[in-house]
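The values are calculated or read from the model by the stated rules, or taken from the named source; none is laboratory data. Please read all numbers here as calculations on a predicted model, not as lab measurements. Positions of Cβ are backbone-derived with ideal geometry, glycine not excepted, and every protein chain shown enters the neighbour counts.
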Amino acid sequence: MTAATIQLCTYNRAPLLAEVLDACFDQNVEDGVFEIVLVDDGSTDATPKVIEEARRRATCALKVVTQPNAGLASARNSGIARAAGERIIFIDDDVLPLPNFVAEHLLAGERHPGAIVRGGAIEVADLDELPPPIWSIKNYSGNYFWTTNVSVPLSTIRNVGGFDESFSEYGWEDIDVGLRLRAARVRAFFHPAALVYHFKPPLAGAALEKMLAQARAQARTAVRLVRRHPQWRAYLATGINPVQRGYHAVFRRLGLADRIRRSLASLDRDRKLSPQERRAARALANEVYFDELERELRRQES
């Protein structure tokens, strides 16, 4: 049996996908040790062409699933269904694994049989100027199961039912899996040597509305998460608790979101935001999130 499956899903990221796949191919393990399962979740750009070109360069088995756009949870499940590796390694379509990536996930899996292995990620703004591959605490994520870089035995993810496809909008589908794995007493270990570069391009004016739309979607799925997991971890992670809701209720009464929005109204779509503008954009997205959260909670209660 194949030792590992790298599983990733993609949607309209053709310019980046070729680099991601090449990094996945460039692993310093023996032939046949791992495969790649790629799910194209209804891309409308040049992704099919990129995939066909990648097939010719592939140095391992490359399985491709093409489906109509159905969201990340559905796409992940399609990938799980096609996977053959004893350990499935989830990454996103904006990360570049290092050459020892698969080997380190397998090594950590041998040290901790049956466990979740959470790898390290270094955020980068430019894939042409990568920093030294040295992980530091500033890149730490405390998520129990974070699909930017995580692995688990394939049988385990199947036994908990994979991803919940009712999380059809942006956000929380991997946190839901993590809470179910935790409830099943599957241990998690952090292994920063299983390292990836996580591409986070500079925020430009054109990205603001997408950022706000994602915040609204994430608020709606946050309510779904706490309905499925009515426990303190979910309430704290989502902000659905009296302290955070009360804090942001004050900002709504003060009209903070409207003031921030006015300050960002004249952004040039193509210009990279200044540090001050980035902070303002993130603050606005946060307020939009909590505003939508309250709206969705009222809707669910009515």
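List pairs: first residue in segment 16-38 and in contact (Cβ under 8 Å) with a residue 60 or more places away in the chain, second residue in a helix (DSSP H, G or I) and among the hydroxyl-bearing types (Ser, Thr, Tyr) anywhere in the structure, Cβ distance under 9 angstrom, at least six positions apart or on different chains.
Hits for this filter: LEU17/THR47.
Hey, could you check segment 251-272 for residues that are out of contact with any Asp or Glu (no Cβ under 9 Å at 6 or more places or on another chain) and hydrophobic (A, V, I, L, M, F, W, C) and say which is surrounded by the most Cβ atoms within 10 Å (Cβ to Cβ)?
Ranking the qualifying residues of segment 251-272, first place goes to LEU254.
Specify which of the listed residues (ILE88, ILE80) is among the hydrophobic types (A, V, I, L, M, F, W, C) and under 22 Å from LEU195 (Cβ atoms).
ILE88
Which condition breaks for GLY161 when tested against (1) in the same structural domain as ASP270 (by TED's automatic domain parsing); (2) surrounded by fewer than 17 Cβ atoms within 10 Å (Cβ to Cβ)?
Result: GLY161 fails condition (1) only.
Okay, residues lined up against (1) surrounded by fewer than 18 Cβ atoms within 10 Å (Cβ to Cβ); (2) closer than 18 Å to LEU98 by Cα; (3) among the acidic types (Asp, Glu):
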residue: MET1; (1), (2), (3): yes, no, no
residue: LEU8; (1), (2), (3): no, yes, no
residue: LEU17; (1), (2), (3): no, yes, no
residue: CYS24; (1), (2), (3): no, yes, no
residue: ASP45; (1), (2), (3): yes, no, yes
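Can you tell me which residue within segment 59-83, out of those that are touching a Leu at 6+ places or on another chain (Cβ under 8 Å) and not charged (D, E, K, R), is nearest to ASP22 (Cα to Cα)? Steps first, please.
From segment 59-83, those touching a Leu at 6+ places or on another chain (Cβ under 8 Å) are 62-65, 79-80, 83; that's our starting set.
From what's left, not charged (D, E, K, R): 62, 64-65, 79-80, 83.
Working: LEU62: 12, VAL64: 15, VAL65: 18, GLY79: 19, ILE80: 21, ALA83: 19 Å.
By that ranking, first place goes to LEU62.
Against the condition of a type outside the set (D, E, K, R), outside any helix (DSSP H, G or I) and surrounded by fewer than 18 Cβ atoms within 10 Å (Cβ to Cβ), how does GLY171 come out, does it pass?
The answer is no for GLY171.
Name the residue, out of ALA115, ALA108, ALA207, that is hydrophobic (A, V, I, L, M, F, W, C) and without any contact (Cβ under 8 Å) to a residue 60 or more places away in the chain.
On the way: ALA115 fails: without any contact (Cβ under 8 Å) to a residue 60 or more places away in the chain; ALA108 fails: without any contact (Cβ under 8 Å) to a residue 60 or more places away in the chain.
Result of the check over ALA115, ALA108, ALA207: ALA207.
Of the conditions (1) touching a His at 6+ places or on another chain (Cβ under 8 Å); (2) at negative phi, GLY239 clears all except one; give me its number.
It is condition (2) that GLY239 fails.
Go through segment 53-73 and give me each residue that's surrounded by 15 or more Cβ atoms within 10 Å (Cβ to Cβ) and over 19 Å from ASN28 (Cα atoms).
Within segment 53-73, LYS63, VAL64, VAL65, ALA70, GLY71, LEU72, ALA73 qualify.
For segment 273-287, give me the residue count where each residue is of a type outside the set (A, V, I, L, M, F, W, C) and touching a helix residue (DSSP H, G or I) at 6+ places or on another chain (Cβ under 6 Å).
1
Go through (1) in contact with a Leu (Cβ under 8 Å, 6 or more places away or on another chain); (2) surrounded by 13 or more Cβ atoms within 10 Å (Cβ to Cβ) one by one and return the number of the condition GLN231 breaks.
(2)
Which numbered condition in (1) modelled with pLDDT of 95 or more; (2) on the phi > 0 side of the Ramachandran plot; (3) not basic (Lys, Arg) is the only one that GLY171 fails?
(1)
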